[in-house]
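S.K.: After the structure tokens below, expect a handful of questions from me.
The values are calculated or read from the model by the stated rules, or taken from the named source; none is laboratory data. As the structure is a prediction and not an experimental result, all values here were calculated from the model. Here Cβ is always computed from backbone atoms with ideal geometry, including for glycine, and neighbour counts include all displayed protein chains.
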Amino acid sequence: MTNDISRDPITVRCVGINEASACVEALADVLLDCVEGGASVSFMWPLPREKAIDFWRKVAEGVAHGERILLIAETAQGDIVGTVQLIVAQPDNQPHRADIAKMLVHRKARRQGIAQRLMQAADDAARAAGKTVLVLDTVTGGDAERVYQRTGWQRVGDIPNYALMPDGVLCSTTYYTKQL
């Protein structure tokens, strides 16, 4: 990844079925950076690289099976600096719903509107997939809450002591929903 990406134009796009596997290493880099930076996204620190790669391989399989939509933010040089997933495979009684998962932006690329652009692209992908209700959860009081609130998400409620931060400290989780 280039050191100064603030001058690079960033493109947000959906990753095709045949391309998802090719992105695994770069997506692992983003995940490792976020977890090292303290993001509570299901992993503890230190996160072994092989575990991060294995996670993204499973995501790529989900994309190949039509269970997930994978979006990436990348520089003009092709460096992946952010990602978000839309989990479209839902129970039979919820064909209209999708979950947002692993909205991640590399620390070098933050404060450039990338998260907001990823979330808008997720909305667009959800609409294209026929989804009308979106759900996500995030660390209560975390930076991501501002992004979700700015992009039209409605806070549903908090669950105290829901998960662990990467350093082992308990944190609360806040659920959000969005009607498209």
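S.K.: If the Cβ limit is 9 Å and pairs must be 6+ apart or interchain, which residue in the stretch 15-32 that is over 17 Å from T75 (Cα atoms) and surrounded by fewer than 20 Cβ atoms within 10 Å (Cβ to Cβ) pairs with which residue that is basic (K, R) and modelled with pLDDT of 95 or more?
M.R.: That search, which allows pairs on different chains as well, returns S21/R57.
S.K.: On the basis of being surrounded by 13 or more Cβ atoms within 10 Å (Cβ to Cβ), at pLDDT 95 or above, within 18 Å of E19 (Cα to Cα) and in contact with a strand residue (DSSP E or B) (Cβ under 6 Å, 6 or more places away or on another chain), does V105 make the cut?
M.R.: Considered against the rule, which asks whether it is surrounded by 13 or more Cβ atoms within 10 Å (Cβ to Cβ), at pLDDT 95 or above, within 18 Å of E19 (Cα to Cα) and in contact with a strand residue (DSSP E or B) (Cβ under 6 Å, 6 or more places away or on another chain), V105 comes out as no.
For every residue, the table says whether it meets (1) of a type outside the set (G, A, S); (2) over 19 Å from T151 (Cβ atoms); (3) touching a His at 6+ places or on another chain (Cβ under 8 Å); (4) modelled with pLDDT under 95.
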| position | (1), (2), (3), (4) |
| --- | --- |
| G16 | no, yes, no, yes |
| D29 | yes, yes, yes, no |
| D33 | yes, yes, yes, no |
| G37 | no, yes, no, no |
| P48 | yes, yes, no, no |
| V84 | yes, no, no, no |
| N93 | yes, yes, no, no |
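S.K.: Test A121 against the criterion of being touching a residue at least 60 places away in the same chain (Cβ under 8 Å), hydrophobic (A, V, I, L, M, F, W, C) and either surrounded by fewer than 19 Cβ atoms within 10 Å (Cβ to Cβ) or more than 30 Å from P9 (Cα to Cα) (or both), and give yes or no.
M.R.: For A121, the condition - touching a residue at least 60 places away in the same chain (Cβ under 8 Å), hydrophobic (A, V, I, L, M, F, W, C) and either surrounded by fewer than 19 Cβ atoms within 10 Å (Cβ to Cβ) or more than 30 Å from P9 (Cα to Cα) (or both) - is not met.
S.K.: With respect to the numbered conditions (1) in a helix (DSSP H, G or I); (2) over 21 Å from A98 (Cβ atoms); (3) in contact (Cβ under 8 Å) with a residue 24 or more places away in the chain, which one is the sole condition not fulfilled by W56?
M.R.: That leaves (2) as the condition not met.
S.K.: Moving on. In the list R146, R155, R111, which residue meets the criterion of being under 29 Å from W45 (Cα atoms), of a type in the set (K, R) and assigned to a loop (DSSP other than H, G, I, E, B)?
M.R.: Result of the check over R146, R155, R111: R111.
S.K.: Could you check the stretch 34-50 and list, in sequence order, the residues that are in contact with a Pro (Cβ under 8 Å, 6 or more places away or on another chain), surrounded by fewer than 19 Cβ atoms within 10 Å (Cβ to Cβ) and either of a type in the set (S, T, N, Q) or assigned to a helix (DSSP H, G or I) (or both)?
M.R.: Listed by number, the list holds a single entry, E36.
S.K.: Here's something else I'd like to know. Give the residue, chosen from Q179, Q149, Q116, that is surrounded by fewer than 19 Cβ atoms within 10 Å (Cβ to Cβ) and either in contact (Cβ under 8 Å) with a residue 40 or more places away in the chain or aliphatic (A, V, I, L, M) (or both). Explain how you work it out, then say what you get.
M.R.: Numbers: Q149 fails: either in contact (Cβ under 8 Å) with a residue 40 or more places away in the chain or aliphatic (A, V, I, L, M) (or both); Q116 fails: either in contact (Cβ under 8 Å) with a residue 40 or more places away in the chain or aliphatic (A, V, I, L, M) (or both).
Exactly one residue qualifies, and that residue is Q179.
S.K.: Hey, another quick one. Out of the residues in the stretch 51-101 that are surrounded by 14 or more Cβ atoms within 10 Å (Cβ to Cβ), farther than 21 Å from N18 by Cβ and of a type in the set (D, E, K, R), state the one that is nearest to the chain's Cα centre (by Cα).
M.R.: For the stretch 51-101, the residue satisfying everything is D99.
S.K.: Which of the numbered conditions does D8 fail, given that it passes all the others? Conditions: (1) assigned to a helix (DSSP H, G or I); (2) under 18 Å from R107 (Cβ atoms); (3) out of contact with any helix residue (DSSP H, G or I) (no Cβ under 7 Å at 6 or more places or on another chain).
M.R.: (1)
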